[in-house]
Each structure stands twice: as structure tokens, then as C-alpha cells.
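The values are calculated or read from the model by the stated rules, or taken from the named source; none is laboratory data. Since this is a predicted model, take the numbers as computed values, not measurements. Cβ sites come from the backbone with ideal geometry, for glycine too, and all protein chains shown count toward neighbours. These accessible areas exclude ligands, DNA and RNA; they are computed on the full protein's heavy atoms, side chains included. Shrake-Rupley method; radii C 1.70, N 1.55, O 1.52, S 1.80 Å.
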Amino acid sequence: MTKKALITGITGQDGSYMAELLLEKGYKVYGLIRRSSHEPTERINPILNRITLIDGDLTDQSSLDEAIRTAKPDEVYNLAAQSFVAVSWNQPILTGDVTGLGLTRILEAIRHIKPDARFYQASSSEMFGKVQEVPQTEKTPFYPRSPYGIAKVYGHYMTVNYRESYNLFACSGICFNHESPRRGLEFVTRKITYHAAKIKLGLEKELPLGNLDAQRDWGFAGDYVEAMWRMLQADKPEDFVIATGETHSVREFVQIAFESLDLDYKKYVRVDPKFFRPAEVDQLLGSPAKIKKALHWDPKVSFKELVKMMAESDLKLLQSGKDPALTTS
């Protein structure tokens, strides 16, 4: 029997990698997509003829109900959110509605229509915020420092609540930062590699950035969707930290990105206070010990390989005449 999966956020970085992974494993893949004048399908264009898109929105319960009825999924991956931390400060209500309440709407649809579906919630390391211990584990207390982090905490505990209250197979992966060439340009990692490539080609002269000393646990998105999938194949629903167990500074990311293009970042990067957050998160470092032991998952792509991959990808895109600022949603 062919398994069926519904992916919210299928046009995003994680959604596109998840769709490819599930297709490789023989799934019939459905993707929830918001109807708009501009359909942002660039990341899934190569597989569009192999997946089924369903119109829907996390802010609209009826559309989510209909999506579950249509797909009748064995697995649901909630990878959609207002996921940009900086924007959450300017749009805190929208962030709460989409990132927090949107998750609840999906759980309600599953509970009433397809209660045997297995559910994955994309939780975030931003829930730890002002970290209470290093490294962060599944038992570390949350202390979110942004409207986005707060909305994710709500979604995380709602997933736990539906699992315990309604006996749903619902679990959360607490994902630490994971990047790829498909990362949106609004995120600092892609901003770095994109502008480094532009500087290499003489299209720009400098790159303004915020806190270069902030430290993150960065992994490859393609590795992380494998961890998400493994969570839904387990015998019982559990929450897991998905991380590499290594931390690196923004400065290290910048240095490797520029060096991979034969550039000295010190000649081009300047610190601009306007890019600092109202409440800064200084360091995030996850412990993948539980998921490594229970699900035998290990990230394959190293930090240095990830940064190099992203910088070289942006250089090739720009050299081919394709500007990611115009082609990436």
C-alpha cells in the first residue's frame, strides 16, 4: 500500500527537501499551498508533476479540514510558519496566528477527520532563547526571546497536549538552525553567501551585518528532513532535538563563505547596529544524543561543507544570469 503524506510549507526550504525525500521513498505527496497572485514554487518546480498541490492556509480552518479530507494522509508534516524571527517583531499577531494557532487548526483537522495520521510539528531552537543550560536537550526549559519563539513554544506544547489528551501520534522535532542553497535571502546565512558571491563578481562592494559573535548550531536541511521522517516511523511518538552538537559564530560562517570564493571578509563586511535584534539570542547549541541513540540519525554534511555548498551555489546562480533575489521566494 502506497503511503500518503501531506506537507504544509512545501514551497519552502524544508518542505521541498521533505517532498523529494518522500518521493524517493515511494510516497504519494500532497502539498498545502496558499493561493496568491505569485505562486512561489521555484524550489519544487523539478517535482511539480509528481506531487499534488492543495489550496489552503494555516489561518483558515475550513481549508485545512478539506486538505485532510482530500489527502487522507498517513503522515502530516507541518513545516509552514511565519518563520523569520526579525519579521515576528513587526508582525507579532500574524506570527502568533500562523505559527501558533495554525498548528492547532491542523491538529483539530487531524483529530476530527484522520485521527490515525502521524503528525510532525517543526519546533525550533528559538524556543530556548535565553538559554538555561548548554547544550540544550529535550528537557531544557524554554525561555523564548522573540514573538516567533513564543509562538513556537505554544505550538510545541499544543502538540504534546493533543498527543496526551487525544492519543494522537503527534511529535515535535526541536530543530536547530539548518540551512541550504534553498534558504530564503532574508536569513542571515543566505544573505552572507549571496552577497559574498555578488562581491566576488564585482556587483557589490560591502556587506553590512549585525552581531558577528552570535553562535548557532548549524546543519544541512537535507539531513534534517531525514530526521523528521524517522520520527514518524518510530514505534511511539516522542519529541527530539535535531542538531549537530557543534556551535559556530556568524563570524566563522562569514569567514568560510568568503574564503571559499577566495575573498578576505575583513575587507568587505561591516557591523551595522540596525541588524541587531531587540532581544539577542547569543548562543544555541543542541544535543542530538537522544535522536542518535533512539533513531540512529547522524548529520552527514559538515558545517564547512554546508557553507561552501551555499557560497558556490550562489556564485553559479549569479554567473548563469539568475539572481536569487528575483527567483527565490
(request) Return the total of residues in the range 230-245 being buried (at least 17 other Cβ atoms within 10 Å of the Cβ) and among the charged types (D, E, K, R). (result) 2
(message) I need the full set of residues from the range 282-309 which are open to solvent by less than 20 Å² (accessible area, probe 1.4 Å) and among the small types (Gly, Ala, Ser), in order please.
(response) GLY286
(request) For residues that are assigned to a helix (DSSP H, G or I), buried (at least 21 other Cβ atoms within 10 Å of the Cβ) and not polar (S, T, N, Q), tally how many sit in the range 106-139. (result) 6
(message) Among the residues of the range 166-189, what is the count of those that are at pLDDT 95 or above, within 23 Å of PHE128 (Cα to Cα) and out of contact with any helix residue (DSSP H, G or I) (no Cβ under 8 Å at 6 or more places or on another chain)?
(response) 0
(message) Just checking: which of the helices (runs of 4 or more DSSP H) contained wholly in the range 1-103 hold 1 or more residues that are among the basic types (Lys, Arg) and open to solvent by 30 Å² or more (accessible area, probe 1.4 Å)?
(response) 61-71
(request) From the list ALA227, ALA214, ALA221, pick out the single residue that is over 17 Å from MET18 (Cβ atoms) and buried (at least 17 other Cβ atoms within 10 Å of the Cβ). (result) ALA214
